[in-house]
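For reference, the structure is listed below as structure tokens.
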């Protein structure tokens, strides 16, 4: 973990031996932890996959001149589309 991080790692908790409760007072068990993790992953997984369900869509990054970025932002605003959508469309037209 990075130095100065606000999070600190501690020892693992054996939920079969140690009683840990959530804010509503319910005991947290290994089964409950699995349910919580599944829910968090579902909620924080980000946007839907562009490839197929349950497959992470790769992210492509590129640096561009400021005037190109401004033109992209203007076009997105004028068309009511996201910059990501415009970039995908342009790449599809150019490459496919």
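Just so you know, all these numbers are worked out from the coordinates, no wet-lab data involved. Remember, it's a predicted structure, so these values are computed and weren't measured experimentally. Using ideal geometry, Cβ is built from the backbone for each residue, glycine included, and neighbour counts are taken over all protein chains shown.
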In nm, give the distance between the simple-model label positions of residue 51 and residue 35, each being 7 Å from the Cα along the Cα-to-Cβ direction. 3.2 nm
Relative to the first principal axis of the alpha-carbon coordinates of the chain, what is the inclination of helix 83-95, with its axis defined by its Cα atoms, in degrees from 0 to 90 and to the nearest 10? 60 degrees
Test of understanding: ordering 19, 33 by Cβ neighbours within 10 Å, fewest first, what list do you get? 19, 33
Give me the percent of Cα-Cα pairs in the chain that sit more than 17 Å apart, rounded to a whole number. 73 percent
Restricting to Cα pairs below 8 Å that are 6+ residues apart, what does the relative contact order work out to for the chain? Please round to a whole percent. 9 percent
